[in-house]
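Just below is one structure, and these are the notes that go with it.
Any read-out appearing in this document is the output of simple, stated calculations on the displayed coordinates, not a laboratory observation. It should be emphasised that the depicted structure is a prediction, and the values quoted were computed from it without experimental measurement. When we count neighbours, we look across all protein chains shown, and the Cβ atoms used for this are built from the backbone with ideal geometry, even at glycine.
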Protein chains: 2
Amino acid sequence: MERKRKQQTVFFKKKPIIIGHYSVVGPKEGKGPLRDYFSEIAEDDFFEQETYEKAERVMIEKALKGAVDNANIRFDDVRLFLAGDLLNQIISSSYAARSIDIPYVGVFGACSTMAESLALGACLVDGEHFDTVACATSSHFSTAERQFRYPLELGNQRPPTSQWTVTGAGATILSCKGHGPRITCATFGKVTDYGINDVNNMGAAMAPAAMNTLLAHFYDTKTTPEDYDLILSGDLGKLGSEILIDLMEDHGYKLGLNYKDCGQIIFKRNQNVLMGGSGCGCSASVLNSIILKRLISGEYKKILFMATGALLSTTSCQQGDTVPGIAHAIVIEGDINE
Amino acid sequence: MERKRKQQTVFFKKKPIIIGHYSVVGPKEGKGPLRDYFSEIAEDDFFEQETYEKAERVMIEKALKGAVDNANIRFDDVRLFLAGDLLNQIISSSYAARSIDIPYVGVFGACSTMAESLALGACLVDGEHFDTVACATSSHFSTAERQFRYPLELGNQRPPTSQWTVTGAGATILSCKGHGPRITCATFGKVTDYGINDVNNMGAAMAPAAMNTLLAHFYDTKTTPEDYDLILSGDLGKLGSEILIDLMEDHGYKLGLNYKDCGQIIFKRNQNVLMGGSGCGCSASVLNSIILKRLISGEYKKILFMATGALLSTTSCQQGDTVPGIAHAIVIEGDINE
């Protein structure tokens with residue numbers, strides 16, 4: 001059924017090891033179903049700062065420091081920091097990078113950033129360019145909302161297809177040595193645009209990109225959905241996930257009970273989040289909490305983590321552009337081949 | 001004189017080859033001293049589009065297509081597209097990536113993006129993760145001006161330390177096979193902030209980061225400025241370059257006549273650009289025109305290309321933050337060791 005495809009998946013010879021992880025979330029996320037798994041839950045989403053933007057960068061700094069401590073290494077041992085976020089000019093990441101004495105590479109993939117930074121970071125460790133790298137991202141409800149949508153004070157009604165930007169950050173330390181789950185391959189996604197122009201329906205905009213990356217991944221790796229204990233998308237939300245399931249079925253793949261979406265599992269139904277969570281911090285905080293814990297404990301042996309991003313800006317919307325999506329995926333396997 | 005430093009430089013075993021390059025600039029740049037070297041000069045900076053933002057993405061698309069043609073390969077042969085730009089959520093790059101059927105990784109390093117994407121791209125080719133990658137960036141005077149400063153129609157007077165954002169784009173194709181100049185090493189920079197808070201003085205904000213990266217580079221590679229036919233900074237401009245020269249002298253390094261800045265050579269004195277050119281497209285269009293041509297012709301044997309970025313946003317300025325800088329550097333050598 002699949003045509004001849006150019007390979008989009010990179011297979012890692014060295015299988016970079018996840019030696020540390022950490023997640024930080026806001027109070028609302030801390031009341032959700034994953035509250036027992038997050039490394040740190042803030043009581044106040046200002047994180048003792050004057051502005052939400054400064055709070056967001058503190059989240060990244062906390063996540064990075066926590067992951068370094070969790071890896072039981074020193075900051076000095078981290079040789080490159082790869083990070084990005086949703087704010088204009090990724091200031092959360094860049095200002096967080098200012099606080100540390102580590103070379104920094106800024107990345108941008110909107111809400112796909114956790115997967116993008118891990119995929120790139122895994123290449124750099126696998127290629128022996130850096131022994132140990134840190135990957136991180138964040139999002140904050142109050143910074144994203146006022147940058148992309150309306151002033152917070154306006155209290156706009158939210159359309160039924162909208163999602164709730166997660167206040168959270170996650171950081172992961174990858175290394176060529178140590179113990180932990182391993183990244184065995186990465187599928188780099190293509191920009192996909194099915195013509196969605198509703199900025200309150202990001203799930204629908206991103207689902208086709210997710211489909212494209214999944215199809216490329218299954219094709220390249222000769223696997224099927226059943227080969228994974230978990231297939232985890234980033235923040236498609238309820239509607240986006242349903243679209244993805246339909247699209248995949250059209251291509252002959254059945255996503256079953258092992259398919260979950262971070263945006264759907266981070267909040268409870270009664271938390272008033274409509275289609276679910278979204279934002280870079282959604283997949284980052286879920287991956288760097290329950291998911292990596294379950295990989296370490298052996299509950300999961302092999303998972304596919306795919307974060308999706310909607311590559312729009314307020315300018316592109318105002319100029320009538322549709323919303324392109326992208327999805328990057330990595331396979332993480334429990335402590336193997338040591 | 002230097003203390004113990006952690007290595008920031010990656011040495012490439014495979015020495016990725018620059019097999020294609022292309023530069024596109026606007027009419028003002030086309031009247032500058034480098035007019036005979038650019039691949040393409042537009043008569044109108046709208047590039048037949050309705051908005052400047054759409055024009056900017058067309059520049060990236062043209063640069064990418066031109067570089068692919070220049071490399072004498074097909075689009076299909078490019079396995080990854082690494083790009084970023086100054087616009088919020090790097091829309092120029094992401095929308096350009098939508099027009100091609102190639103996996104895409106968005107990066108952000110403000111005006112350091114050309115060096116950042118080449119340094120990362122070289123790692124990915126060197127590590128055998130991708131045979132051939134394309135790296136690109138752009139800037140447009142009219143998109144940057146209205147996003148970062150004032151509406152174009154306002155016709156604000158420009159302070160004497162300000163620079164002129166280059167309307168231009170450049171793309172470079174890196175491959176593990178073929179002929180051309182080679183990237184032999186890359187120095188990844190750290191975020192550096194000396195407390196500059198004047199958003200009309202980017203040169204001063206970026207010079208300390210340039211110094212840090214140069215010091216790390218010379219230390220790691222055991223070279224001195226005299227070892228290079230050319231040391232080329234991205235867009236420090238006249239003031240920033242003078243600050244860099246002073247800072248380096250304080251550390252015992254003399255930057256001589258072989259040091260140049262793209263921002264200073266892209267415009268003539270009488271083009272009313274004050275401290276010179278700036279923007280991602282400044283270093284991208286200069287590297288992908290005169291510099292690579294001279295490396296190919298043998299006029300240069302070994303150069304150090306270092307692009308600097310100011311990692312601010314309008315939000316960070318408005319919240320009283322100072323301007324952090326970053327600089328990444330790569331060494332390009334003429335056709336060697338084939």
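Each residue of the range B:306-316 was assigned a 3J(HN,Hα) from its phi angle through the Karplus expression (A = 6.51, B = -1.76, C = 1.60, θ = phi - 60°), giving 10, 9, 10, x, 9, 8, 9, 9, 4, 5, 5 Hz with x at Gly and Pro. In plain terms, the C-alpha convex hull of chain A casts an average shadow of 15.9 nm² when viewed from every direction. Computed over the range A:222-338, relative contact order equals 29 percent, with contacts defined as Cα pairs under 8 Å that lie 6+ residues apart. For the range A:1-81, the set of GluC sites (Glu not before Pro) satisfying both a DSSP loop assignment and a count of at most 14 other C-beta atoms within 10 Å is given as A:E2, A:E43, A:E48, A:E50.
Using Cα-Cα distances under 8 Å and only pairs 6 or more residues apart, what relative contact order does chain B have, in percent? Please list the in-between numbers first.
Values: 873 pairs, mean separation 86.1, N = 338.
Normalised by residue count, the contact order of chain B is 25 percent.
Sort A:F46, B:F130 by Cβ crowding within 10 Å, fewest neighbours at the top. Kindly include the intermediate steps, with their values, before the conclusion.
Working: A:F46 16, B:F130 24.
Neighbour counts put them in this order, fewest first: A:F46, B:F130.
Counting from the shortest, the label point at B:K254, 7 Å from Cα toward Cβ, is 7.7 nm from the same position in each remaining copy. Mean partner shielding of peptide A:203-213, defined as the number of other chain Cβ atoms within 10 Å of each residue Cβ, is 0.
For B:T165, the amide hydrogen comes within under 5 Å of the amide hydrogens of B:S278, counting only partners 5 or more places away or on other chains and with H modelled in the peptide plane. Working from Cα pairs under 8 Å separated by at least six residues, relative contact order for the range A:48-203 is 27 percent.
Within the range A:36-141, report the trypsin sites (Lys or Arg not before Pro) that DSSP leaves as loop and that have at most 14 other Cβ atoms within 10 Å. If you can, show how the numbers build up before the last one.
Values: sites: A:K54, A:R57, A:K62, A:K65, A:R74, A:R79, A:R98; in loops: A:R74, A:R79.
Sparse-neighbourhood loop trypsin sites (Lys or Arg not before Pro): A:R74.
In straight-distance terms, cross-link reach from B:K268 covers every one of the aspartates and glutamates whose alpha-carbon lies under 17 Å from its own, apart from those fewer than eight places away in the same chain; here that gives B:E29, B:D36, B:D235.
Would you mind telling me the antiparallel percentage of the DSSP bridges in the protein assembly as shown, rounded to 5? Could you put the intermediate results ahead of the total?
Details: 71 of 111 bridges.
If I count the DSSP bridges inside the protein assembly as shown, around 65 percent turn out antiparallel.
Classify the range B:90-219: rounded, prolate or oblate, from the alpha-carbon gyration tensor (a ≥ b ≥ c, eigenvalue square roots; a/c under 1.5 rounded; otherwise prolate if a/b is larger than b/c)? Walk me through the numbers before you get to the answer.
Working: a/c = 2.72, a/b = 1.39, b/c = 1.96.
Cα axes put the range B:90-219 in the oblate bin.
Shape class for the range A:154-297: oblate, because the ratio a/c of the largest to smallest gyration tensor axis (alpha-carbon atoms, square roots of eigenvalues) is 1.5 or more and b/c is at least a/b. Ranked from largest, the principal axis spans of the Cα set of the protein assembly as shown equal 65, 55, 52 Å. For chain A, the 222 nm mean residue ellipticity estimated from helices alone, with every DSSP H stretch of n ≥ 4 adding -39500 (n - 2.57) and the total spread over all residues, rounds to -9500 deg cm²/dmol.
Mind pulling up the Rg/Rh value for the range A:5-111? Radius of gyration and Kirkwood radius, both on Cα. Could the numbers behind the result be given before it?
Values: Rg = 15.7 Å, Rh = 15.5 Å.
With Rg and the Kirkwood Rh in hand, the quotient comes to 1.01.
Computed from phi, the 3J(HN,Hα) profile of the range A:13-21 under the Karplus parametrisation 6.51, -1.76, 1.60 (θ = phi - 60°) reads 5, 8, 6, x, 9, 7, 9, x, 7 Hz, with x in place of Gly and Pro. Between B:D44 and B:D227, the simple label model (points 7 Å from Cα in the Cβ direction) yields a spacing of 5.0 nm. For the range A:221-226, 3J(HN,Hα) computed residue by residue from phi via the Karplus equation (6.51, -1.76, 1.60; θ = phi - 60°) reads 9, 6, 10, 10, x, 5 Hz, glycine and proline entered as x. Once backbone amide H atoms are built at 1.01 Å from N, A:Y300 has A:L295 as its partners under 5 Å, excluding neighbours fewer than 5 places away on the same chain. Shortest first, A:Y150 label-point distances to identical copies amount to 3.2 nm, with the label point at 7 Å from Cα along Cα→Cβ.
Quick one: of A:K6/A:K222; A:K31/A:K65; A:K260/A:K302; B:K177/B:K222; A:K238/A:K260; A:K6/A:K190, which pairs are farther than 18 Å apart, Cα to Cα? Before the final figure, lay out the partial values.
Values: A:K6/A:K222 14 Å; A:K31/A:K65 24 Å; A:K260/A:K302 14 Å; B:K177/B:K222 28 Å; A:K238/A:K260 10 Å; A:K6/A:K190 12 Å.
Flagged as over cut-off: A:K31/A:K65; B:K177/B:K222.
With a 10 Å cut-off around each Cβ of A:49-60, the average count of Cβ atoms from other chains is 2.
Taking the DSSP beta bridges in chain A as the whole, what percent of them are antiparallel, to the nearest 5?
Close to 65 percent.
Placing a label point 7 Å from the Cα of A:K301 along the Cα-to-Cβ line, the residues of the range A:218-256 whose backbone N sits under 16 Å from it are A:223-231. On full extension, the segment bounded by A:Q157 and A:D69 gains 27.5 nm, given 0.36 nm per residue less the C-alpha separation. Assign one of three labels to the range B:234-313, namely rounded, prolate or oblate, based on the Cα gyration tensor with a ≥ b ≥ c the square roots of its eigenvalues; rounded applies when a/c is under 1.5, prolate when it is not and a/b is larger than b/c, and oblate otherwise. Oblate, since a/c reaches 1.5 and b/c is not below a/b.
Closest approach of a chain A Cβ to the axis relating A and B (residue, whole Å): A:G127, 1.
Under 13 Å from the Cβ of B:V191, count the other residues' Cβ atoms, weight Lys and Arg +1, Asp and Glu -1, and hand me the total.
-2
Each of A:S99 and B:S99 was given a label point 7 Å from its Cα along the Cα-to-Cβ line. The distance between the two points is 4.0 nm. Here B:K301 is the anchor, and the aspartates and glutamates within straight C-alpha reach of less than 19 Å, apart from those fewer than 8 places off in the same chain, are B:E226, B:D227, B:D229, B:D261, B:E333, B:D335, B:E338. In nanometres and ascending order, the distances from the B:Q7 label point to those of the other copies are 2.8 (point 7 Å from Cα along Cα→Cβ).
Order of A:V107, A:V24 from fewest to most other C-beta atoms within 10 Å? Provide the component values of the computation, followed by the final result.
Working: A:V107 29, A:V24 32.
Fewest-to-most Cβ neighbours within 10 Å comes out as A:V107, A:V24.
Take each peptide in B:143-151, B:211-219, count the other Cβ atoms within 10 Å of every residue, and average; sorted highest first, the result is B:211-219, B:143-151.
Based on the Cα coordinates of the range B:135-198, what is the per residue volume of their convex hull in Å³?
Numbers: hull volume 9.7 nm³, N = 64.
Convex hull of Cα atoms, per residue: 152 Å³.
Simple spin-label estimate for A:Q271 and A:Y150 gives 2.3 nm between the two label positions (7 Å along the Cα-to-Cβ direction from each Cα). Note on A:120-127: average number of Cβ atoms from other chains within 10 Å of each residue's Cβ is 5.
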